[in-house]
Each structure stands twice: as C-alpha cells, then as structure tokens.
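Comments concern the structure below.
The values are calculated or read from the model by the stated rules, or taken from the named source; none is laboratory data. Since we're looking at a predicted model, the values are computed, not measured. Every residue, glycine among them, receives a Cβ derived from its backbone with ideal geometry; neighbour counts consider all protein chains shown.
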Amino acid sequence: MRFQKALAGSLVLMMCCAVAAGKDKKKKILLPADVLQAKTVLVVIDPDAGMSVDAPHANRTAQEDVEKALMKWGRFELATDISTADLVIEVHKGSGKIAQETIGGLPANSRPAVYEPTDSGSRTSAGTISPLGGNNPAGAQRPEPSPQAEVGATDDVFAVYRGKRENALAAPSVWRYTAKDALSSPGVPAVDAFRKLIVEAEKQQAAQP
C-alpha cells in the first residue's frame, strides 16, 4: 500500500512537472523586442570560413542570395557596415562534408563596390574591406592565405546577431538556422524561416498584456 501511494505521488509530481514545463515553453520569448524593432541589417560571410577549393564562390553567392531575399521581403534596409546595422546576419555555406580543403587567411568580407538596382530596391556595397569594423577581430583581414582543413557543420548556417557594437560576432547569436540548402536561391529557406519567426514573435508580443 505504501509503495502504491508513493508511486501515485510520483506520477502526480511528474504530471505537474510536465504541465509546468508546457507552460514555460509557451511563455518562451521567440525574439526580444529590440530585434523586432530592427530596421537595418548587414549580411556578412563567416570570417572563419575559408574559400572552398571545390566551390570558391559558394559563400559569396550565399551572401548575395540572402541580401536579395531580404530586399524582396522588404522589412529591412541593407547596411554597408556594422556602425549602421541594427542586426548582423552571418552566413556560411555548407559543403555537405564533415571536412573539406579550403584556403584560409583571405579577407572573406572584402568586396568590390556594388550598386545593383532591382524591383524591390537597390543592393549597395561600398567596397569596404571590413564591414564589421577594424577593431572587430572577426572582421579583421588575415595576414596570409594558406591551405587549411575546415571541419564543422555540413549544412548551411544563417545566424543573427545584434549590430552596432564591436565584436558583434563574438556575442551569442539571437537566432540560428542550420539546414541543407538553407542559403540556396531562389527560395533561400533561411530568410523565409526568419520571416515566419518574426511574424510569430510579433503575434506573441501583441498578445502580451
């Protein structure tokens, strides 16, 4: 009898914990208010990403595809450097391999000056070497190109950070999306997932008393 009561008590406790966990999950904040208020965004390539020997333009293409998808969405204005960016989106194109040969030491985010008019606005780059700022180690130019073995996630990575600060990429990301072909055009699923998340977060925010 004592064992049965103890068992019954344990089951009740587990049910209460499960209910409490369910309530806590519902109350989880999807995105903080400052992220929902963001107006400008800077898209950068992961500074630690080397240039793939098999697909040397993969990360640059992913960066451009994400920028175009953001322009089509129309919620954010593209920034050209960290000082004017409310958010920073870091992209890293997956190779589908656990390890791949790359060339490291290249300034991943240096790019020529670009002005590209489109139906949804214009995509502009000032041609700066380090849009993350000279004092940001993650954005600094590396000394010499050299072969390296890159080991990490096999899928595409789309990570969102707060901007307008030094060492932006050294802080924890606000949101991260990793999936196969997440950065591929024309759909760019990562941007679509971020858009849906913001819609849900705004609904959550509006429902709060």
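Please verify whether the stretch 114-127 includes one or more residues that are at pLDDT 70 or above, within 22 Å of the chain's Cα centre (by Cα) and surrounded by 15 or more Cβ atoms within 10 Å (Cβ to Cβ).
Pass one, the stretch 114-127, residues at pLDDT 70 or above: none.
No, the stretch 114-127 has no match at all.
Scan the stretch 165-196 for residues that are more than 19 Å from residue 65 (Cβ to Cβ), surrounded by 15 or more Cβ atoms within 10 Å (Cβ to Cβ) and at pLDDT 95 or above and the total you get is 2.
Here's the yes/no breakdown for (1) without any contact (Cβ under 8 Å) to a residue 24 or more places away in the chain; (2) under 10 Å from the mean Cα position of the chain (by Cα):
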| position | (1), (2) |
| --- | --- |
| 163 | no, no |
| 183 | no, no |
| 189 | yes, no |
| 194 | no, yes |
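In summary, helices (runs of 4 or more DSSP H) completely within the stretch 1-105 and bearing 1 or more residues that are modelled with pLDDT of 90 or more occur at 33-36, 58-73. Being within 12 Å of residue 93 (Cα to Cα) and touching a Leu at 6+ places or on another chain (Cβ under 8 Å) is a condition met by no residue of the stretch 163-185.
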